[in-house]
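A short write-up of the structure that comes next.
The values are calculated or read from the model by the stated rules, or taken from the named source; none is laboratory data. As the structure is a prediction and not an experimental result, all values here were calculated from the model. So basically every Cβ, Gly included, is an ideal-geometry build from the backbone, and we count neighbours across all protein chains shown.
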Amino acid sequence: MSIRQQQQPTTSRFRSTNMSATTGSSITLPNATQHDLTNSSTGLNYRIQISWPLNWDRTKQLRNSKVPVIYILDGNALFLTATEILWRSASNSFYHGGGIIVAIGYQNIPTETGSLFSSQRNTDLTINEHEVHAGLGGADGFLEFIGREVRPLVERQFEDVSIGEEAIFGHSFGGLCVLHSLFSKTGGAFDAYFAASPSVWWDAAIVEEAEKFCNAESKGTQGSLQISYGALEQRPTRTNAESDVEFEERQMRCTERKMADNAVELEKKLRSSGKLTKVSITEFEGEDHGTVATSALLRALSTFFDH
């Protein structure tokens, strides 16, 4: 369903495919909507899930100020986590009112595929490589879809709200896509970019993009960037379930991908370029590539909404 075909957003509901009368009822998420959209250029399908603060109904003054919006890639895996973080933050002494979460995900059914992730992310979140592979390198089309169809959808749903600063968050391939968004401005610019464990190792083209970005003539600064990664991504520790051989193989992959080294080098390059209002980097102790996503998301939401 395209945006133009969307009549009414659906309330976000989560139902077990094996549910019976004795196992309980479906869960309805308050202050959240879900939209199934089709990219008008590529024909690819997406599920857009949106949430906002629980206290908006009783704090009307929030609607008289500019409200920040963050767009989160891999929405299937991160929407509920991000929404819970947003709602829990209302109890903090430094809470500034929160904002709108827009998770961009897919229409796959996890109970059928066995995964929160869709293989379509491999297309959407990777940049054009020097050697084009089937099913990869669709980041430009994906970012254009966000700018052309998703951002206007948010504006229409919150027509009585003045949209303030906008941010984008992505992890792994999503982090790579966030960097590409920063360097290329495809689909429009954001005020803040959050790249968690960006897969710089995937393609040297992103390094070339960074070089061009740093060396290009430009007027003023172009937003802020927060890079994060897990300390165990490049220096893993053995798990109880791994054999010696399995650990050695994983250790070799981690060493080759140089997540920490790439992140630190990129942060230094961008900081020294002076092209961004702020560049920061965070290493999360004890976190690996999979577990760091939640820590990075928590830091991103806290930074963007409350600091």
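With respect to PRO236, is the statement that it is surrounded by 20 or more Cβ atoms within 10 Å (Cβ to Cβ) and in a loop (DSSP other than H, G, I, E, B) true? For PRO236, the condition - surrounded by 20 or more Cβ atoms within 10 Å (Cβ to Cβ) and in a loop (DSSP other than H, G, I, E, B) - is not met. When we screen THR291, THR255 for residues that are under 20 Å from the mean Cα position of the chain (by Cα) and among the polar types (S, T, N, Q), the only hit is THR291.
When the stretch 287-307 is filtered for residues that are under 20 Å from LEU86 (Cβ atoms) and either free of Cβ contacts under 8 Å to residues at least 40 places away in the same chain or touching a Pro at 6+ places or on another chain (Cβ under 7 Å) (or both), the ones remaining, listed by number, are PHE304, PHE305. Of all the listed residues (ALA189, ALA196), the sole one being in contact with a helix residue (DSSP H, G or I) (Cβ under 9 Å, 6 or more places away or on another chain), surrounded by fewer than 21 Cβ atoms within 10 Å (Cβ to Cβ) and closer than 30 Å to GLU283 by Cβ is ALA189. Among the residues that make up the stretch 180-203, is at least one of them more than 17 Å from ILE72 (Cβ to Cβ), touching a strand residue (DSSP E or B) at 6+ places or on another chain (Cβ under 9 Å) and not in a loop (DSSP other than H, G, I, E, B)? No - not one qualifying residue is present in the stretch 180-203. When residues in the stretch 3-50 are screened for being closer than 23 Å to PRO152 by Cβ, modelled with pLDDT under 55 and exposed (fewer than 12 other Cβ atoms within 10 Å of the Cβ), 4 of them pass. For the stretch 40-56, a tally of residues being farther than 15 Å from ASN108 by Cβ and under 18 Å from the mean Cα position of the chain (by Cα) returns 3.
Pairing each residue of the stretch 85-109 that is closer than 21 Å to LEU37 by Cβ with any residue that is in a loop (DSSP other than H, G, I, E, B), provided the two are 6+ apart or on different chains, yields C-beta distances under 6 Å for ILE100/TRP52; TYR106/SER118; TYR106/GLN120; ASN108/SER118. The single condition among (1) outside any helix (DSSP H, G or I); (2) at pLDDT 95 or above; (3) over 26 Å from LEU86 (Cβ atoms) that VAL279 does not satisfy is (3). Would you pick out the residues in the stretch 258-276 that are in a helix (DSSP H, G or I), touching a residue at least 40 places away in the same chain (Cβ under 8 Å) and more than 18 Å from GLU208 (Cβ to Cβ)? Residue satisfying the conditions is MET259 alone. Residues that are surrounded by fewer than 20 Cβ atoms within 10 Å (Cβ to Cβ), at pLDDT below 85 and not charged (D, E, K, R) number at least 3 in the following helices (runs of 4 or more DSSP H) confined to the stretch 94-174: 110-113. Going by what's in this entry, would SER115 be described as closer than 22 Å to GLY174 by Cβ, polar (S, T, N, Q) and more than 14 Å from the chain's Cα centre (by Cα)? Against the criterion (closer than 22 Å to GLY174 by Cβ, polar (S, T, N, Q) and more than 14 Å from the chain's Cα centre (by Cα)), SER115 qualifies.
For GLY230, indicate whether it is modelled with pLDDT of 95 or more and more than 18 Å from the chain's Cα centre (by Cα). Considered against the rule, which asks whether it is modelled with pLDDT of 95 or more and more than 18 Å from the chain's Cα centre (by Cα), GLY230 comes out as no.
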